Amino acid sequence: MAAKVLLLVGTKKGAFILESDADRGRWGMRDPVCDAWPINHFTADTESGYLYAGGGSEWYGPAVWRSGDLGKTWQQSSEGLNYGEGGPDVKTVWSLGRSNGHLYAGVEPAGLFVSADRGASWEHVQGLREHPSSSEWMPGGGGLCLHSIVPHPTDARQMWVAISAAGTFHTEDGGASWTTRNRGVRAEFQPEKYPEFGQCVHNLQAAPAQPGRLYQQNHCGVYRSDDAGATWIEITEGLPSDFGFPMIVHPGDADTVFVIPLDDLGRYMPKGQAAVWRTRNAGKTWECMTQGLPQQNAYLGVLRQAATSDTFDPAGIYFGTGTGQLFASRDEGDSWQQIADYLPPILSVEVAVIEG
Amino acid sequence: MVEVYLPDSLARLFPGRPRRATLPAGCVAELMWQLDATWPGMRDRLCLSNGAIRRHINVFVDGDRATHEAELRPGAVVQIIPAISGG
């Protein structure tokens with residue numbers, strides 16, 4: 001049986017699943033799921049076949065929704081998803097990640113939780129909030145959120161997380177202790193421009209093809225690390241803006257990265273011209289990819305988790321906008337097509353390839 | 001025993017989509033635990049970690065808005081209603 005390709009879209013009002021085949025030329029959309037909850041991150045574990053949607057309802061609080069039948073039926077749980085008596089209330093689930101058979105959730109106010117039973121129950125990874133800097137963590141415009149969970153590809157004890165606006169943190173002991181990983185990253189809104197922590201990192205990604213290489217889209221620029229985050233090199237030159245949210249690292253080429261620069265004030269693509277920018281040389285130079293994207297009066301914004309790639313060759317690239325449009329490229333950004341419109345504001349986009 | 005009415009938006013999150021229940025409780029806080037015992041996870045949907053009712057959830061006891069500390073007389077009617085302030 002041919003592969004089934006699912007595009008998992010988290011929005012301000014529920015989650016949506018679009019479906020195609022390996023050709024990815026035509027997409028069908030199902031009815032929304034997760035009861036119109038705001039879903040910050042909708043993802044899949046292709047090994048188990050489970051779908052996971054993390055978010056938070058203004059009425060009913062934070063939870064992770066899970067489905068074992070590719071989205072036909074859903075359950076939600078927040079058992080253990082709290083900081084205990086006296087701790088702050090968890091407002092929402094911002095991000096989901098998988099490592100070593102476990103499911104991780106990043107939340108607001110920033111913290112990390114882990115589940116060993118596919119999201120039915122959760123345990124706080126206390127070491128992160130015990131970092132000595134935690135009392136000084138300040139929120140970004142979107143809240144104090146743990147938005148990026150980046151597991152090491154081969155060492156289950158290692159993980160990086162990114163918090164806006166506390167910076168990037170790393171563990172080598174399964175989360176018991178953490179260290180900062182922000183050297184070389186600007187924080188223009190601080191009196192000290194290169195502080196140890198407090199950077200407003202917007203998106204942290206690892207290069208699947210090269211362990212030790214990381215990239216980040218920050219409020220103040222784009223960066224690459226070749227030493228697992230110990231130091232960062234700025235690679236913003238050539239981009240129209242320091243500011244942006246999403247970032248995609250090519251699944252098979254550690255030197256190829258996609259970003260979507262945004263106007264710092266409007267938080268939409270500059271000059272009303274939609275564009276995705278691509279580097280093929282780890283950030284030394286950037287290309288502006290616009291074919292098939294609207295070039296007039298297109299003040300489109302894309303949030304941090306609303307862009308992704310699939311694992312086909314050439315890789316498909318996808319992004320969703322705050323005004324409910326979905327765009328896709330089947331040729332690594334050379335050309336684009338709009339595949340959906342009129343969705344609620346899009347908060348996240350992920351791809352799951354289900355082999356037949 | 002008190003009678004509690006649940007909103008549809010909460011009911012459909014749980015098996016059986018319960019809209020109404022009769023449970024033993026002497027106060028609203030105890031009622032939340034009884035709801036949780038009957039439908040695991042329901043207390044988390046209604047209460048913060050300190051036991052207070054979530055900001056955009058209203059609990060009415062015999063027609064009067066109540067907190068988690070409110071006492072419940074035998075036969076009280078409790079209505080749980082999402083507040084319009086939640087969106």
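The values are calculated or read from the model by the stated rules, or taken from the named source; none is laboratory data. Keep in mind the model is a prediction, meaning the values are calculated, not measured. Heads up, the Cβs are rebuilt from the backbone with ideal geometry, glycines too, and the neighbour counts pull from every protein chain shown. Quick note on the areas: whole protein, heavy atoms, side chains included, nothing else; ligands and nucleic acids left out. Shrake-Rupley method; radii C 1.70, N 1.55, O 1.52, S 1.80 Å.
Tabulated data
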| quantity | calculated |
| --- | --- |
| Set A:W59, A:W65: member being within 14 Å of chain B (Cβ to nearest Cβ), crowded, with 18+ Cβ neighbours inside 10 Å and in a loop (DSSP other than H, G, I, E, B) | A:W59 |
| Count of residues meeting criterion [within 14 Å of chain A (Cβ to nearest Cβ) and open to solvent by less than 20 Å² (accessible area, probe 1.4 Å)] in the range B:14-56 | 9 |
| Those residues of the range A:305-339 which are open to solvent by 10 Å² or more (accessible area, probe 1.4 Å) and hydrophobic (A, V, I, L, M, F, W, C), in sequence order | A:A307, A:F312, A:W336, A:I339 |
| Selection status of A:G84, open to solvent by 20 Å² or more (accessible area, probe 1.4 Å), over 23 Å from A:N203 (Cβ atoms) and more than 20 Å from the chain's Cα centre (by Cα) | yes |
| Qualifying residue in the range A:77-84 (condition: within 14 Å of chain B (Cβ to nearest Cβ), over 25 Å from A:S164 (Cβ atoms) and out of contact with any His (no Cβ under 6 Å at 6 or more places or on another chain)) | yes |
| Failed item, numbered, when A:E192 is tested on (1) touching a residue at least 12 places away in the same chain (Cβ under 8 Å); (2) more than 18 Å from the chain's Cα centre (by Cα) | (1) |
| Strands (runs of 3 or more DSSP E) contained in the range A:248-347 and holding at least 2 residues within 22 Å of A:I233 (Cβ to Cβ), at pLDDT 95 or above and of a type outside the set (G, A, S) | A:257-261, A:276-279, A:287-289 |
| Filter result (more than 9 Å from every other protein chain (Cβ to nearest Cβ) and under 23 Å from A:C145 (Cβ atoms)) within the range A:85-100 | A:K91, A:T92, A:V93, A:W94, A:S95, A:L96, A:G97, A:R98, A:S99 |
| Test: residue in the range B:64-77 that is charged (D, E, K, R), exposed (fewer than 13 other Cβ atoms within 10 Å of the Cβ) and in contact with a helix residue (DSSP H, G or I) (Cβ under 6 Å, 6 or more places away or on another chain) | no |
